[in-house]
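Trainee: Right, I'll just put the structure down here and ask away after.
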Amino acid sequence: MRSRPFITLRLPRVVHPGEAFDVGLSLESAAKTPINFVRVALRHTHERLVPGEGSFEVRDLLLLSEEVAGEGRLGEGIHRYRVSFALPGDLPPTFAGAFQACRCEVRAHVSIPWWLDARESQEVLVRPRSAQRPEDGPFIDASHRGRGAFVEVSLPGRTLTPGAIVTGAVAFGGLPGRYPFGLRVALVGNGVEQVNARGGSYESCPNVFFQDVTGIAEGTEVPFRISLPGDLAPSFSLREVALEYALEVTIEHLAGGELVRHRVPVIVGLFEPRTGRDGKRPRIGADRWRAVWARAGRRVGLSLERGLRLRGVRAGCAVEVASAVKGLKAGLGATVRFAEPWGLRLDVQWRRVLELDGLETGDEGFDRRFRAAGREEAQVLAVLGPALRRALRAFHRADVDDREAWVWSAAEASDEQALDAFLTQVNALAQALAEAGAALPPPAAMAAWLPAWRRFAEESDGALRAGSMRLSGTLEGARFELETLFKGAIPARTRVSLRLDPPIEGAARPRNAAEQGIAAAILEQAARLGGVADAEEGVAVAPGAIAVVIGAPLADPAAAREVLRPMLALARQMRGEGRGGPYR
């Protein structure tokens, strides 16, 4: 009579690559039983789910076996055997996932002729020995910036230990017009078959952190904690197969779906637990962004203001840089204000679809993107020289008028490299604008008169804006201004004004005979220079200025002294400071 023996395997729960371990086998037979052999085998396999088939493809990574008994008869009673298996040093650790797995098991097989064989198997965990933690330290990682939603992740280190608690923080931004609902943080693993360069799908570990972020502002740090399973398989990368881990951060949309998903590669190993490191992780979010802006601003001579805003003066222009949203795109915007208005009626804007008008500069790349216009074509073309065109083309959007340039580029405000590049472009723009403003030509019709205007500006300790032929200066201690007025592109009139400093409260049209007489003298002098443009208005008197419009441009602005002197007399009379002279 024969019987199938009862098999018992005794082996370690955990074994280590590069080491040998013993397997104890006992067979308890109730009767004498003939056998073909008794064999003990160790099998290490890699399993991969075949896409679209629903079945697993199994490949042996290691197969060892030893026959402990040959053909013969197994007597009644207990029979004990011992086998030793030496594991190669590059044997992958075991792990189990929904899509891929590495398994190691010891099998015992008793072959019985003309009878059902006896079999038994037991899985064993393959784990590397505890190792020294690789060089590691606090770090920040972020998803792709500059094109919409992004996340920043701060961790005390990239090395994690099974059974430990992972701590860190997340901040998000770049969500204009979007509605974030939830923040999810999880450790995910992925088995990779190195031989065929085939990767599996990332699988989440059991413990997941979730935080409702509907009321949390962009740039706010959101701390998280995740407990890792104690039996978590370590990371490895060997010739046959690899196991990779990442910390996956997902921002979920209020209406469902994901706004952004980002994975931070980490290493899981049998390291000594990290202690006291959470407080050392870097700051992220608004605090870090302000530090980034402060450093970047200092490099170009700009100061950090409230929020994310830089201000300063570059090449004589007032510069302001801030984070800016255009449409649903986050970006960086800058305003560069000129030291003096140009007076060209300049209008440079982004060219819209099917918009074909505007001046041609001869720069195809610039003309394709921008539409330029102004009072006089020659002046506009002179301003839009190669340097300024090149500076404007560096931005995604740009508008320029007589007072300032506004530019914008799609870039993430928290990205120091992108911010540096933008500030460099803004600095080049300010320099190009300053050079263009300094070289402004006068209107073509007044070009021959430019020397006389410059001479009078120097004599009156004043300043000349050649582009608009506008001069400000002083006469007998009072500030005055000569402004050329245009009809289209043609210089047509000149406005002469005297500033009243301090203003005369209640000042209006000349009230008494003395004031009316002086006003008549002003009109008489103006008539000699080209007539009064608005005879009904005559001399315009306001608390802050006395003005008259001459009906012609001035070839020599020094002639305006004859209009300004009676204006000074009228101002004195209105203040009650009348004194001797031709206009008393």
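Trainee: Per-residue counts of other Cβ atoms within 10 Å, averaged by peptide: what ranking do you get for 230-236, 565-571, 410-416, highest first? Don't skip to the end; give the middle numbers.
Mentor: Details: 230-236: 17.9, 565-571: 23.4, 410-416: 21.6.
Packing order, densest peptide first, comes out as 565-571, 410-416, 230-236.
Trainee: Taking the Cα-to-Cβ direction at residue 237 and at residue 509 and moving 7 Å from each Cα, how far apart do the two end points lie in nm?
Mentor: The two pseudo-label positions are separated by 9.0 nm.
Trainee: Computed FRET efficiency, Cβ-Cβ of residue 121 and residue 96, R0 22 Å: what is it to the nearest 0.05? List each step's numbers first, then the result.
Mentor: Working: r = 16 Å, r/R0 = 0.71.
Approximately 0.90, to the nearest 0.05.
Trainee: What percent does the relative contact order of the chain come to when contacts are Cα pairs within less than 8 Å and at least six residues apart?
Mentor: On the way: 1324 pairs, mean separation 50.2, N = 584.
Relative CO of the chain lands at 9 percent.
Trainee: Another question, if that's okay. Choose one of 18, 315, 332: the residue whose Cα lies farthest towards the positive end of the charge dipole of the chain (beta-carbon charges +1 Lys, Arg; -1 Asp, Glu; about the Cα centre).
Mentor: The Cα lying farthest towards the positive end belongs to 315.
Trainee: Report, to one decimal in Å, the Kirkwood hydrodynamic radius for segment 27-178 based on all distinct Cα pairs.
Mentor: Numbers: mean 1/r = 0.0480 Å⁻¹.
Radius from the Kirkwood sum: 20.8 Å.
Trainee: I've got another one for you. Taking 0.36 nm per residue of sequence separation and subtracting the Cα-Cα distance, how much length would be gained by fully extending the chain between residue 479 and residue 371, in nm to one decimal? Walk me through the numbers before you get to the answer.
Mentor: Details: separation 108, 0.36 × 108 = 38.88 nm, distance 3.81 nm.
Difference between extended and current length: 35.1 nm.
Trainee: Please give the charge dipole size of the chain, origin at the Cα centre, charges +1 on K and R Cβ atoms and -1 on D and E Cβ atoms. Round to the nearest 20 debye.
Mentor: On the way: 75 positive and 71 negative charges, 141 e Å.
That gives a dipole near 680 debye.
Trainee: Let me ask you something else. Give me the percent of the accessible area of segment 287-419 that comes from carbon and sulfur atoms, probe 1.4 Å, all protein chains in place. Walk me through the numbers before you get to the answer.
Mentor: Working: 3100 of 6440 Å².
C and S fraction of accessible area: 48 percent.
Trainee: So what is the relative contact order for segment 6-126, in percent, with contacts set as C-alpha pairs under 8 Å and at least six apart? Before the final figure, lay out the partial values.
Mentor: On the way: 297 pairs, mean separation 43.5, N = 121.
Relative CO of segment 6-126 lands at 36 percent.
Trainee: Treating the angle as unsigned and between 0 and 90°, give the value, to the nearest 10°, between the Cα long axis of helix 450-459 and the longest Cα principal axis of the chain.
Mentor: On a 0 to 90 degree scale, this one is about 80.
Trainee: Per DSSP H run of at least 4 residues, take -39500 (n - 2.57); add these up for the chain, divide by its residues and hand me the 222 nm value, nearest 500 deg cm²/dmol.
Mentor: Values: 8 runs with 101 residues, N = 584.
Computed mean residue ellipticity for the chain: -5500 deg cm²/dmol.
Trainee: Fully extended, how many nm does the chain gain between residue 417 and residue 450 (0.36 nm per residue separation, minus their Cα-Cα distance)?
Mentor: Contour length minus the Cα-Cα distance gives 7.3 nm.
Trainee: Can I ask one more? If you compute percent of Cα pairs over 40 Å apart for the structure shown, which of (i) 23; (ii) 29; (iii) 58 do you land on?
Mentor: (iii)
Trainee: Another question, then. Taking +1 at the Cβ of each Lys and Arg and -1 at the Cβ of each Asp and Glu, which of 112, 346, 372 sits farthest along the dipole of the chain towards its positive end, judged by Cα position relative to the Cα centre?
Mentor: Most positive-ward Cα: 346.
Trainee: If you don't mind, there's one more thing I want to ask. Could you let me know the centre-to-centre spacing of segment 77-151 and segment 37-67, using Cα atoms, in angstrom?
Mentor: Segment 77-151 and segment 37-67 have Cα centres separated by 12 Å.
Trainee: Once R0 is set to 56 Å, what does the formula 1/(1 + (r/R0)^6) return for the Cβ-Cβ distance between residue 261 and residue 37, expressed as a FRET efficiency to the nearest 0.05? Before the final figure, lay out each step's value.
Mentor: Details: r = 54 Å, r/R0 = 0.97.
Efficiency for this residue pair is about 0.55.
Trainee: For segment 86-130, what is the relative contact order in percent, using Cα pairs closer than 8 Å and at least 6 residues apart in sequence? Mind dumping the intermediate values first?
Mentor: Details: 51 pairs, mean separation 15.7, N = 45.
Relative CO of segment 86-130 lands at 35 percent.
Trainee: Let me ask something else. Would you mind getting me the FRET efficiency between residue 73 and residue 13? Use the beta-carbon distance for r and R0 = 30 Å, nearest 0.05. Let's see the in-between values first.
Mentor: On the way: r = 34 Å, r/R0 = 1.14.
Approximately 0.30, to the nearest 0.05.
Trainee: Hey, another quick one. With angles folded into 0 to 90 degrees, how steeply does helix 513-529 sit against the dominant principal axis of the chain? Use alpha carbons for both and round to 10.
Mentor: The answer is roughly 80 degrees.
The values are calculated or read from the model by the stated rules, or taken from the named source; none is laboratory data. No experiment lies behind these values; they were computed from the predicted model shown. No Cβ is skipped: glycine too gets one built from the backbone with ideal geometry, and neighbour counts run over all protein chains shown. Just the protein is used for accessible areas: all its heavy atoms, side chains included, with ligands, DNA and RNA removed. Shrake-Rupley method; radii C 1.70, N 1.55, O 1.52, S 1.80 Å.
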